[in-house]
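**Student:** Here it is: the structure, laid out below.
The values are calculated or read from the model by the stated rules, or taken from the named source; none is laboratory data. Just so it is clear, the structure is predicted and the values come from calculations on it, not from any experiment. FYI the Cβ positions are ideal-geometry reconstructions off the backbone, even for glycines, and counts take in every protein chain you see. When the accessible area is computed, the model is the full protein with side chains, heavy atoms only, and any ligands, DNA or RNA have been set aside. Shrake-Rupley method; radii C 1.70, N 1.55, O 1.52, S 1.80 Å.
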Amino acid sequence: MEKKKWRTAVSWHFNHEAYVRGYKLSDLVGNLTFTEAIYLVLKGELPTEAEKQMLDAIFVATVEHSIAPPSVIAARAVASGGNSLHVAVGAGILAFGEAHGGALEGAMKFIQENYKKNPENVVAEYIKLGKRIPGYGHRYYKEYDPRSKKIMDVAKRLGFYGDFCQFAEEVEKAIEKIKGKKLIMNVDGAIAAVVSEMGFDWRLGKGFFIIGRTAGLVAHVYEELTMEKPFSKRLDEEKEVEYLGKMPRELPEKYRKS
Ligand SMILES: CC(C)(COP(=O)(O)OP(=O)(O)OC[C@H]1O[C@@H](n2cnc3c(N)ncnc32)[C@H](O)[C@@H]1OP(=O)(O)O)[C@@H](O)C(=O)NCCC(=O)NCCS
């Protein structure tokens, strides 16, 4: 068969109907939950009841986590500049990075590549190189991340607690032992371990967070657009900003044109 420029296995039209992973889209409507449909597009097959419940728990854990994170600040600032909902939500998504949300990809790669190794040796190597271990540490949670604890509990109940989850928990203990400081397994670390158990590739990592947190970003942007005045997201220089620059000075004569 001729190899065409674009290729896809996700969906196709047959007889004027859209089919997703081989299933007629109109058959999925009213029969699948949103989470089941997400599993289908990502994995290519329908989930079992346990897989659906596990993924559902993961999305609920990611849906929102206060006004403080960089993505919400970015989204609300862009909305406050007079932009539409999709532009502001897009700005929030662009703020996901290695330290926020995006750590899921790194944490999945870390767990999938290292889970057969001795966790203490892996941690020692990272610390020696001055590298941060994705999925560990949190600005706010210092003793434990309640979301991670709950995700691990659900994983145990639904049969998704295996080698990847065990490794992820051992890494947390190893960090404390080697670094002498507790860095808790954060929500990205816990989700990374569980979706690895579910057979997802690490390159999908950021996708789980984007899918879940976009709902929270939409809520924040809607609130900003409807509750606040335009330009409300600006800094009070005197109260919030430390000035590190030069004190006022004269422009040298040779630069003056007028
Ligand atoms: C989330 C994060 C930005 C919080 O950073 P923070 O508030 O500066 O962290 P803390 O104040 O608790 O700890 C700072 C110390 O721990 C180290 N540290 C923090 N997270 C670390 C990690 N994941 N791996 C190794 N060391 C880490 C820092 O290098 C620093 O070490 P030092 O005291 O020897 O200089 C940070 O833990 C991190 O980058 N984690 C990895 C990315 C991640 O999982 N992000 C998702 C967050 S939900």
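**Student:** If Ala74 passes every condition in (1) in contact (Cβ under 8 Å) with a residue 60 or more places away in the chain; (2) within 17 Å of the chain's Cα centre (by Cα); (3) away from the ligand (no atom under 14 Å from the Cβ) but one, which one does it miss?
**Tutor:** (1)
Yes/no per residue for (1) open to solvent by less than 50 Å² (accessible area, probe 1.4 Å); (2) away from the ligand (no atom under 11 Å from the Cβ); (3) assigned to a loop (DSSP other than H, G, I, E, B):
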{"residue": "Glu120", "(1), (2), (3)": "no, yes, no"}
{"residue": "Glu125", "(1), (2), (3)": "no, yes, no"}
{"residue": "Gly130", "(1), (2), (3)": "no, no, yes"}
{"residue": "Pro134", "(1), (2), (3)": "yes, no, yes"}
{"residue": "Arg147", "(1), (2), (3)": "yes, no, no"}
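**Student:** Then there's this: So is Ile184 assigned by TED's automatic domain parsing to the domain that holds Val123, surrounded by 19 or more Cβ atoms within 10 Å (Cβ to Cβ), aliphatic (A, V, I, L, M) and within 16 Å of the ligand (Cβ to nearest atom) or not?
**Tutor:** Yes.
**Student:** Can you tell me which residue in region 223-258 is farthest from the chain's Cα centre (by Cα), limited to those that are open to solvent by less than 100 Å² (accessible area, probe 1.4 Å) and among the hydrophobic types (A, V, I, L, M, F, W, C)?
**Tutor:** Once the filter is applied, the top-ranked residue is Leu251.
**Student:** Quick one: in region 11-40, of everything that is of a type outside the set (S, T, N, Q) and surrounded by fewer than 12 Cβ atoms within 10 Å (Cβ to Cβ), which residue is farthest from Glu197 (Cα to Cα)?
**Tutor:** Among them, the one singled out is His16.
**Student:** What residue, of Lys156, Lys177, is away from the ligand (no atom under 16 Å from the Cβ), assigned to a helix (DSSP H, G or I) and either open to solvent by 70 Å² or more (accessible area, probe 1.4 Å) or without any contact (Cβ under 8 Å) to a residue 24 or more places away in the chain (or both)?
**Tutor:** Lys156
**Student:** When you scan region 153-161, do you find a residue that is in contact with a Ser or Thr (Cβ under 9 Å, 6 or more places away or on another chain) and modelled with pLDDT of 95 or more, even just one?
**Tutor:** Within region 153-161, none of the residues are in contact with a Ser or Thr (Cβ under 9 Å, 6 or more places away or on another chain) and modelled with pLDDT of 95 or more.
**Student:** If the requirement is being more than 15 Å from Ala192 (Cβ to Cβ) and surrounded by fewer than 22 Cβ atoms within 10 Å (Cβ to Cβ), which of these qualifies: His138, His86, His100?
**Tutor:** So the residue among His138, His86, His100 that is more than 15 Å from Ala192 (Cβ to Cβ) and surrounded by fewer than 22 Cβ atoms within 10 Å (Cβ to Cβ) is His86.
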